[in-house]
Amino acid sequence: MTENTQARIFALIPAAGVGRRMGGARPKQYMEIAGTPMLTQTVRAMARASRIERIYVVVSAADAWIDEVAKDFPDRVTVLRAGGAERADSVRGGLMAANLPADAWVLVHDAARPCVRPSEVNHLLDEVLADSSLAGGILAVPMADTVKRTDARRQILETVPRANLWRAATPQLFRAGVLLEALSAGSEGITDEASAVERLGLAVKCVSCRSTNLKVTEPGDEMLAGLILEEKTMPQTVAVPEIRVGQGYDSHRLVEGRPLILGGVTVPFEKGLDGHSDADVLLHALTDAVLGAASLGDIGTHFPPSDPKWKGADSRRLLAAVIELARAEGWTVVNADATIVAERPKLGKLKDEIRASVAATLGITADRVSIKAKTNERMDAVGHEEGMMAHAVVLLARLPR
């Protein structure tokens, strides 16, 4: 009998983190992906690898969500309240609580990787168990992008040859005894299980997996993971979002006796922009960008300067009304990028406030809005401080009707 068929194989999923970068109301592992908590999706993905004898999910002692979610776990899943402050603490605590034989193989898998395929897990097992010189192995993605090394100011120092470079993923496979020894040596400099075992001087192999085995880390990753999961389970019903890009432009003269309003924020300056409404050049450009992406005309069509009801109007009202028109057509704003062109005033300290105001009007988070400021290098009317202009690009998305 070969070691492949004799080996006892277990899985351990550390899930004691809070996922602060996702910014949700609940820990990241419990956010819904394709209608199901991500941790449940991850557990089910690992359970599809039939060679795994039992799966251990490691959570913190104070976890208030797991009892409800665990009701939907497969029968061969055990929840351990042995999690710690760091990932290494949770893996070590889980190994000790599970009390596995030292020679048992353990697949440690991220709770935030719900898209791993059984074929990938089996490929890792086959590659590692067939080579007695290895202490273990990890799933990893061969580096396809050009890699740059920078200094602390993010200036490029060199281009790193990408041959033999890999992006580490999970599961990571080691014997329980080896992994416990490696993690008991301290967690300084340890970023995954492989780095702990490498520190012991043992051989660890990278086994190729698809880039679809992604880790949900930043906002938006959950949407991509959901599409991957839907494609795997119901490819005939996957709805690919339609996307549209719109660009907008506006300019106004600078005059005395008017407030300067940009993005809904009053900017201290000796002059303001002249116009029928509040002449917010930034919001006008964004309004046209939304209308353009949704093919709904332009700002002059919807809010003509000849109509007295728009005299002095707050341009946030105009943009909000256009957003509602786009939503009625099924469109959602994904992100916006805008540039204000003016010699003065300098907007450095106000850009974050303007960005937050624009995001609130668009109905998206501030991390999806970019506001830049440029001068015209003293050229033309803008360069001579006779006026300001703004350019904007907006991305809209909707599911096919």
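Are any residues in segment 112-138 assigned to a loop (DSSP other than H, G, I, E, B) and open to solvent by less than 40 Å² (accessible area, probe 1.4 Å), and if so, which ones?
Listed by number, the residues that qualify are ALA112, ARG113, PRO114, CYS115, VAL116, LEU134, ALA135.
Please find, among VAL128, VAL108, the residue that is of a type outside the set (Asp, Glu), modelled with pLDDT of 95 or more, within 26 Å of ARG26 (Cβ to Cβ) and touching a strand residue (DSSP E or B) at 6+ places or on another chain (Cβ under 6 Å).
VAL108
Which one is farthest from ILE190 (Cα to Cα), of the residues in segment 59-95 that are among the small types (Gly, Ala, Ser) and over 26 Å from the mean Cα position of the chain (by Cα)?
Per the criteria, the residue is ALA62.
In the set GLY93, GLY84, which member is open to solvent by less than 40 Å² (accessible area, probe 1.4 Å), assigned to a helix (DSSP H, G or I) and more than 27 Å from THR212 (Cβ to Cβ)?
Every option except GLY93 fails the conditions.
Looking at (1) under 22 Å from PRO305 (Cα atoms); (2) surrounded by fewer than 17 Cβ atoms within 10 Å (Cβ to Cβ); (3) at pLDDT 95 or above, which one does VAL245 not meet, given that it meets all the others?
Of everything listed in (1) under 22 Å from PRO305 (Cα atoms); (2) surrounded by fewer than 17 Cβ atoms within 10 Å (Cβ to Cβ); (3) at pLDDT 95 or above, VAL245 misses just condition (1).
Which pairs have Cβ atoms under 6 Å, sit 6 or more apart or on different chains, and link a residue in segment 31-57 that is touching a residue at least 12 places away in the same chain (Cβ under 8 Å) to one that is aromatic (Phe, Trp, Tyr)?
Note: pairs meeting the criteria are PRO37/TYR30; VAL43/PHE73; GLU53/PHE10; ARG54/PHE10.
Go through the residues of segment 312-331 one by one and say whether even a single one is closer than 23 Å to ARG253 by Cα and touching a strand residue (DSSP E or B) at 6+ places or on another chain (Cβ under 9 Å).
Taking segment 312-331 first, the residues closer than 23 Å to ARG253 by Cα are 312-319.
Okay, now just the ones that are also touching a strand residue (DSSP E or B) at 6+ places or on another chain (Cβ under 9 Å), so 314-315.
Checked segment 312-331: at least one residue is closer than 23 Å to ARG253 by Cα and touching a strand residue (DSSP E or B) at 6+ places or on another chain (Cβ under 9 Å).
So that you can scan it fast, the table gives a plain yes or no per residue for (1) at pLDDT below 95; (2) among the small types (Gly, Ala, Ser); (3) touching a Gly at 6+ places or on another chain (Cβ under 9 Å); (4) within 25 Å of ALA98 (Cα to Cα):
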residue	(1), (2), (3), (4)
GLY136	no, yes, no, yes
ALA144	yes, yes, no, no
GLN172	no, no, yes, yes
ILE190	yes, no, no, yes
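Scan segment 323-348 residue by residue and report those that are within 13 Å of LEU396 (Cα to Cα), assigned to a loop (DSSP other than H, G, I, E, B) and hydrophobic (A, V, I, L, M, F, W, C).
Hit for segment 323-348 is TRP331, nothing else.
Assess whether ALA320 counts as being assigned to a helix (DSSP H, G or I) and not hydroxyl-bearing (Ser, Thr, Tyr).
When the stated conditions are applied, ALA320 passes them.
Would you tally the residues in segment 41-81 being under 16 Å from ARG8 (Cβ atoms), open to solvent by less than 20 Å² (accessible area, probe 1.4 Å) and modelled with pLDDT of 95 or more?
3
Working only within segment 354-383, note down all residues that are within 23 Å of the chain's Cα centre (by Cα) and among the charged types (D, E, K, R).
Listed by number, the residues that qualify are ARG355, ASP367, ARG368, LYS372.
Inspect segment 349-360 for any residue being part of a strand (DSSP E or B) and open to solvent by 20 Å² or more (accessible area, probe 1.4 Å) and give the result as yes or no. Please lay out each step first, then the result.
So the first thing to find is which residues in segment 349-360 are part of a strand (DSSP E or B), and the list is none.
The answer is no, given that none of the residues of segment 349-360 is part of a strand (DSSP E or B) and open to solvent by 20 Å² or more (accessible area, probe 1.4 Å).
Across segment 361-394, what is the total count of residues that are part of a helix (DSSP H, G or I), under 15 Å from ALA285 (Cβ atoms) and touching a strand residue (DSSP E or B) at 6+ places or on another chain (Cβ under 9 Å)?
Looking only at that region, the number is 2.
State which residue is most open to solvent (accessible area, probe 1.4 Å) when the search covers only segment 248-293 and only residues that are part of a strand (DSSP E or B) and of a type in the set (S, T, N, Q).
Step by step, filter segment 248-293, then rank; the result is THR266.
Taking segment 113-160, which residues are more than 20 Å from GLU53 (Cβ to Cβ) and of a type in the set (Ser, Thr, Tyr)?
The answer is SER132, SER133, THR146, THR150, THR159.
Give the residue that is surrounded by the most Cβ atoms within 10 Å (Cβ to Cβ), with candidates limited to residues of segment 371-401 that are in contact with a helix residue (DSSP H, G or I) (Cβ under 8 Å, 6 or more places away or on another chain) and farther than 14 Å from LEU262 by Cα.
Applying the filter and picking the extreme gives VAL394.
Where residues in segment 180-221 are polar (S, T, N, Q) and more than 19 Å from ARG92 (Cα to Cα), which of them is nearest to the chain's Cα centre (by Cα)? Lay out the reasoning, then the answer.
Residues of segment 180-221 polar (S, T, N, Q): 184, 187, 191, 195, 208, 211-213, 217.
Cutting the leftovers down to more than 19 Å from ARG92 (Cα to Cα) gives us 208, 211-213, 217.
Numbers: SER208: 23, SER211: 15, THR212: 14, ASN213: 14, THR217: 5 Å.
It comes out as THR217.
Please find, within segment 96-111, the residue that is most open to solvent (accessible area, probe 1.4 Å) out of those that are part of a helix (DSSP H, G or I) and farther than 18 Å from GLY186 by Cα.
Keep residues of segment 96-111 that are part of a helix (DSSP H, G or I), which gives 96-98.
If we keep only those that are farther than 18 Å from GLY186 by Cα as well, we get 97-98.
Details: ALA97: 56, ALA98: 18 Å².
Per the criteria, the residue is ALA97.
The values are calculated or read from the model by the stated rules, or taken from the named source; none is laboratory data. Because the structure is predicted, anything quoted here is derived from the model rather than measured. Glycine also receives a Cβ, built like all others from the backbone with ideal geometry; neighbour counts cover every protein chain displayed. Remember, those area values only see protein heavy atoms, side chains included, never the ligands or the DNA or RNA. Shrake-Rupley method; radii C 1.70, N 1.55, O 1.52, S 1.80 Å.
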